[in-house]
Amino acid sequence: MKSGKKSYKRIIPAREEDSLIHKPDSSLRNNGNPLGSSIKSIQQNKIVVSVDKVVKKFPIYHQKYSSLKEELFNTFRKSKVEMLTALNKVTFNVEQGEFFGVIGRNGGGKSTLLKMLSGVYLADSGNITIDGNISSFLELGVGMNPDLTARENIFICGLVLGLTLDEIKSKFDDIINFSELGNFVDVKVKNFSSGMYVRLAFSIAIYAHNNDILFIDEVLAVGDDNFKLKCVEEFRSIKENKNKTVVFVSHDLYSIERFCDRVMVMEKGMVKFIGTSYDAIEVYKEILLKNKEI
Amino acid sequence: MISTNLSQKWQLTWFLAKTDFKLRYSNSLLGFLWSMLKPLAVFSILSFVFQNIFKLSASHFYLRILTGLLLFFFFSECTTFGLNSLLSKGHLLTKIDFPKWIIVLSSTINTMMTFSINILITIIFFLIAGVIPSIMAMANFLFFLILLLMISIGSVFILAPLFVKFRDISQIWEILILVIMYSAPIVYPLTAIPEQYHKYHFINPLTSIVYYTIEGIFENQYPPAYIYLFLTILFSTFFILSLLIFNSMSKKTPEYI
């Protein structure tokens, strides 16, 4: 890792950058210092998502099913329960209007991080501060029920995502138009093809975000080519809107490079790197390569 | 956290209850008729067994059983259905953060819909039998209905997050429900039990609800005022306690799903 660092263009090691953001006195010093100008640019905006030394551990049960009996027996040998550290002192900040990408290998802690940002999981230690209202899309079609019609699903998903009935009614036609499902409004979703299902889910997600901070987990580019293009278009408009802040988890390096202002690389629950998308992808590729060699 | 006002939360609660009610019978032939047929079938079986085999009798024996079962069915439906509510909506809870009480409340509202159908049927039976309860008996019934709501919803608030963590709860609860049913004077009058055991029957929260409701409707007899006061304090303490328990337990619920 150490020898590899030199070859990058503008590298900001994660540790260094974090210390600058978290200590107000040192960041002030750097703002006045011409040498710190490369860091100055990221100090200008308001920080809306602040994650400070967050730790999350999960117990590993060999049998996933938990029961009262297990719990009773485990009281005598509780120390033997194995703990998996999903997030290990993760620290970063996201500014208003930023498109912040997160990449890393499977099991690197990306999705756990997003769940914690969304408030689904609570941190074991550390702080998560979010300044604003959030919409999170951890999966397509959250709240969708195959036994309900498209119309009912739009309402239920919208309500789950925090919209009021009136807001959903006003967006209803847009959602249907975007999903190109005009003829299937009152058809049960279980009769949809998987492509239609995904299109509906994605359209709801696109129109349901009335909040300023979006957490998105790999939901880009679904459906046929035409639909993909529309989705990319929609992403671009989110990116251009400087009030929207996006934290975006993906394995698709192409869209990471295309949309993200800054990218964080995660490896085994730790922050490996934070910097420009170009550098981050280089770091990520090196991690992949290293793992291949072993 | 998604910041929304209370009316949005209510819209979500109502919509979930409505669609769940629809979905519950969506693939069955008779649809929501089942919500009436099931209690009626149980009513027929029990009244047959207890009248013809155990030779129990009292004035308006069938109506007494029907009233008792109406109250009991609400409790048992509400708790067994609500028990599973958080787990069955696990796909939501692990993906998005929204108030978990909405799920629990919508499941109880769902049961209330069935209950209102059942209450209509009971009224029809009363009319056929020509029994019209007095105003006082109605007011008394309403009071115990509120207690029933408190104990049912309160139980669900404790059971639902507990069930997510310990899946044995559903088995235990099935047995407990039977204990609750047969220790309450639903299918037999309390007078059929020797008086010295009555105090044990009143440990069961449904006993006082069922007993005093039936006494009010059929005998026009009401408990003294201090009983009302005592029960109000007892049930509302339980309800508030259940909310506090739910609040602390449900925080970690998504991790156990």
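Overview of values
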read-out	value
Residue within the range B:222-234 that is more than 14 Å from chain A (Cβ to nearest Cβ), of a type outside the set (Lys, Arg), open to solvent by less than 30 Å² (accessible area, probe 1.4 Å) and not in a helix (DSSP H, G or I) present	yes
Condition met for B:Leu127 (part of a helix (DSSP H, G or I), under 26 Å from B:Asn247 (Cα atoms) and over 14 Å from the mean Cα position of the chain (by Cα))	no
Residue within the range A:243-252 that is among the hydroxyl-bearing types (Ser, Thr, Tyr) and either touching a helix residue (DSSP H, G or I) at 6+ places or on another chain (Cβ under 7 Å) or farther than 28 Å from A:Asn133 by Cβ (or both) present	yes
First in the range A:80-99 and free of Cβ contacts under 8 Å to residues at least 12 places away in the same chain, second anywhere and part of a strand (DSSP E or B) and crowded, with 22+ Cβ neighbours inside 10 Å, Cβ under 9 Å, 6 or more apart	none
B:Thr80 open to solvent by 60 Å² or more (accessible area, probe 1.4 Å) and closer than 26 Å to A:Gly143 by Cα	yes
Residues located in the range A:166-189, provided they are facing chain B (nearest Cβ under 10 Å) and either buried (at least 16 other Cβ atoms within 10 Å of the Cβ) or touching a Phe, Trp or Tyr at 6+ places or on another chain (Cβ under 6 Å) (or both)	A:Glu167, A:Ile168, A:Lys188
Which numbered condition B:Ser88 fails, given (1) of a type in the set (Gly, Ala, Ser); (2) away from every other protein chain (no Cβ under 14 Å); (3) open to solvent by 10 Å² or more (accessible area, probe 1.4 Å)	(2)
Selection status of B:Gln171, polar (S, T, N, Q) and at pLDDT below 90	no
Which numbered condition B:Ala192 misses (of (1) of a type outside the set (Asp, Glu); (2) more than 14 Å from B:Thr79 (Cβ to Cβ); (3) loosely packed, with under 14 Cβ neighbours inside 10 Å; (4) free of Cβ contacts under 8 Å to residues at least 12 places away in the same chain)	(4)
Unmet criterion (only one of (1) farther than 17 Å from A:Ser203 by Cα; (2) at the interface with chain B (Cβ under 8 Å from one of its Cβ atoms)) for A:Ile128	(2)
First in the range B:93-109 and more than 19 Å from A:Glu139 (Cα to Cα), second anywhere and buried (at least 20 other Cβ atoms within 10 Å of the Cβ) and of a type in the set (Asp, Glu), Cβ under 8 Å, 6 or more apart	B:Ser106/B:Asp20; B:Ser107/B:Asp20
Qualifying residue in the range B:94-117 (condition: part of a helix (DSSP H, G or I), within 18 Å of B:Leu145 (Cα to Cα) and either open to solvent by 60 Å² or more (accessible area, probe 1.4 Å) or touching a strand residue (DSSP E or B) at 6+ places or on another chain (Cβ under 6 Å) (or both))	yes
Residue that is most open to solvent (accessible area, probe 1.4 Å), among those in the range A:190-202 that are among the small types (Gly, Ala, Ser) and in a helix (DSSP H, G or I)	A:Ser194
Single match in A:Asn145, A:Asn211, A:Asn133 (criterion: open to solvent by less than 30 Å² (accessible area, probe 1.4 Å) and either touching a residue at least 24 places away in the same chain (Cβ under 8 Å) or within 11 Å of chain B (Cβ to nearest Cβ) (or both))	A:Asn211
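The values are calculated or read from the model by the stated rules, or taken from the named source; none is laboratory data. Note that the structure is predicted; figures quoted are calculated from it, not measured. Here the Cβ is made from the backbone with ideal geometry for all residues, glycine too, and neighbour counts use every protein chain on show. What goes into the accessible areas is simple: the full protein's heavy atoms, side chains included, and nothing from ligands, DNA or RNA. Shrake-Rupley method; radii C 1.70, N 1.55, O 1.52, S 1.80 Å.
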